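Peer 1: Quick one: structure below, then a few questions.
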Amino acid sequence: MIRHLAVLWAVAAALGAHGTIKVEVAAVEGGYTLVRDGVPYLVKGAGIGGVDVATVAEHGGNSIRTWGVADAEALLDAAHLHGLTVSLGLPVAAERFGFDYDDPASIARQRRNVRNAVASHKDHPALLAWIIGNELDMRFTNPRVYDEVNELSKMIHELDPNHPTTTTISALDREMVELVRERAPNLDFISIQAYGALALMPQAVNYLRTGPFMITEWGPLGHWEVGKTRWGAPIEQTSAEKARHYLKSYRTFIEPFLGPGLGSYVFLWGQKQERTHTWFSLFTEDGESTSAVDVLQFVWTGRAPANQAPVLESLTLARRPASDSVRLVIGKRYNAKVKATDPDGDALAFRWHVKPESTETVVGGDLEAAIDDIHGLFVGEATQAEVALTAPEVPGTYRLYVMAYDGQGHAAHANIPFLVYGKRR
């Protein structure tokens, strides 16, 4: 109880130390910058999901973003306590969820929801910006959505003249950027979300730099951008490959354009299911960080962590990598082997899983249900770098996962999609 009261007192003291902090977009030589409390402010941020916000600050980040306002006040308080700002996602629906931007009643209800959210949080000192919806362009057909974004931006500015507004676009697409800027000129800046497509930034910046912009999602190659098995299963990068990809993406396609741009939010500082439970997750389900988090600390601060995550370089099943489109016979026994090292010499512990392959077809990171493990396939406890498993008794598509833990709060991972065929014996 005493510790709980101490935390509450610390939060209250921190909040009381500063009221509303004004944030605006300013033109500078060669581009734009955010100005917070009169000082230029470059976002070094993360989209957060289910992880303590303190970890962002501990690794050198200065901001977080959300995709909604659930528990927003508590999140804002926690962020402020740790010196972080928050770009708060507002409850604005995309057409793909059935919202009709030709329906006045639906629009009126949504405006009330947005008004209430803005009124509730506009004076919080941790607030940085308002994000009006997320990827409203994804599978949209009615351009009036951006007329409404403009109206919402006007309403927000009337309620809150101290914080800028933006909306996010799902790709580096010149036509979409121009459409949003034309139909929603009241926005203070636009936000781009891109993964492998960040490689287009050297060309895209030519049209992006005509106005202020931010990168509000970036990360590993998406499941829509990678190679596939012969039956169409996407082949996920290992955690080591992802770490190298994060480093290249930031150094080559974000950092050189931070003059025209306002900063960036990496995806995802947490864990989520999207085709796999590891694809976009910078952390494991139990909270261990991966080597991509080490990379982010390095690019944000110039310093690597004192203890780093394991490096998992390769995984084979039946002596073949994922790119070989591995096929197994029902009920037959096979070996799987992983090669992993730890940069600090920590002893590694391994954990293996098999899950059915995802059958989801949703887009835009929309909600996917977690996939349960299939038990009883491994010979023994399956805690070594090489294990034996029996192919499932049901034909179909599956995925083998391996996790490597260093006992210091870090992990590495890889997986192989495989197909099971034949008849039950």
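Peer 1: Within the bounds of region 377-387, is there any residue that is surrounded by 15 or more Cβ atoms within 10 Å (Cβ to Cβ), under 30 Å from ALA94 (Cα atoms) and at pLDDT 95 or above?
Peer 2: Checked region 377-387: no residue is surrounded by 15 or more Cβ atoms within 10 Å (Cβ to Cβ), under 30 Å from ALA94 (Cα atoms) and at pLDDT 95 or above.
Peer 1: Of all the residues that make up region 153-176, how many are in contact with a Phe, Trp or Tyr (Cβ under 6 Å, 6 or more places away or on another chain), surrounded by 15 or more Cβ atoms within 10 Å (Cβ to Cβ) and assigned to a helix (DSSP H, G or I)?
Peer 2: 1
Peer 1: If I filter region 45-52 for residues that are at pLDDT below 95, surrounded by 15 or more Cβ atoms within 10 Å (Cβ to Cβ), within 20 Å of MET214 (Cβ to Cβ) and in contact with a Pro (Cβ under 6 Å, 6 or more places away or on another chain), do I get at least one hit?
Peer 2: No, every residue in region 45-52 fails to be at pLDDT below 95, surrounded by 15 or more Cβ atoms within 10 Å (Cβ to Cβ), within 20 Å of MET214 (Cβ to Cβ) and in contact with a Pro (Cβ under 6 Å, 6 or more places away or on another chain).
Peer 1: Find the residue count for region 313-330, including only residues that are outside any loop (DSSP other than H, G, I, E, B) and modelled with pLDDT of 95 or more. Spell out how you get there, then give the answer.
Peer 2: Here is the first cut: in region 313-330, the residues outside any loop (DSSP other than H, G, I, E, B) are 313-317, 320, 322-324, 326-329.
Next, from what is left, pick out any that are modelled with pLDDT of 95 or more: 314-317, 320, 322-324, 326-329.
Final tally of qualifying residues: 12.
Peer 1: Report whether or not ILE416 is in contact (Cβ under 8 Å) with a residue 12 or more places away in the chain, among the β-branched types (Val, Ile, Thr) and outside any strand (DSSP E or B).
Peer 2: It is false that ILE416 is in contact (Cβ under 8 Å) with a residue 12 or more places away in the chain, among the β-branched types (Val, Ile, Thr) and outside any strand (DSSP E or B).
Peer 1: Still on this structure, I have one more. Please determine, by comparing only the residues of region 64-87 that are open to solvent by 30 Å² or more (accessible area, probe 1.4 Å) and in a loop (DSSP other than H, G, I, E, B), which one is nearest to HIS410 (Cα to Cα).
Peer 2: Out of the qualifying residues, it is HIS82.
Table: residues versus (1) touching a strand residue (DSSP E or B) at 6+ places or on another chain (Cβ under 9 Å); (2) open to solvent by less than 20 Å² (accessible area, probe 1.4 Å); (3) closer than 30 Å to PHE298 by Cβ.
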residue: ASN62; (1), (2), (3): yes, no, yes
residue: GLY89; (1), (2), (3): yes, yes, yes
residue: GLU135; (1), (2), (3): yes, yes, yes
residue: GLU151; (1), (2), (3): no, no, no
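Peer 1: Return a yes/no flag: does region 331-343 have any residue that is among the β-branched types (Val, Ile, Thr) and either in a loop (DSSP other than H, G, I, E, B) or free of Cβ contacts under 8 Å to residues at least 40 places away in the same chain (or both). Please lay out each step first, then the result.
Peer 2: As a first pass, look at region 331-343 and keep what is among the β-branched types (Val, Ile, Thr): 338, 341.
From what is left, the residues that are either in a loop (DSSP other than H, G, I, E, B) or free of Cβ contacts under 8 Å to residues at least 40 places away in the same chain (or both) are 341.
Looking through region 331-343, at least one residue is among the β-branched types (Val, Ile, Thr) and either in a loop (DSSP other than H, G, I, E, B) or free of Cβ contacts under 8 Å to residues at least 40 places away in the same chain (or both).
Peer 1: Against the conditions (1) in contact with a Gly (Cβ under 9 Å, 6 or more places away or on another chain); (2) open to solvent by less than 20 Å² (accessible area, probe 1.4 Å), where does ARG209 fall short? Just the number, please.
Peer 2: (2)
The values are calculated or read from the model by the stated rules, or taken from the named source; none is laboratory data. The shown structure was predicted, so the numbers you read here are calculated from the model rather than taken from an experiment. With ideal geometry, Cβ positions are generated from the backbone for all residues, glycine too; neighbour counts draw on all protein chains shown. Ligands, DNA and RNA are excluded from the accessible area calculation, which covers all protein heavy atoms including side chains. Shrake-Rupley method; radii C 1.70, N 1.55, O 1.52, S 1.80 Å.
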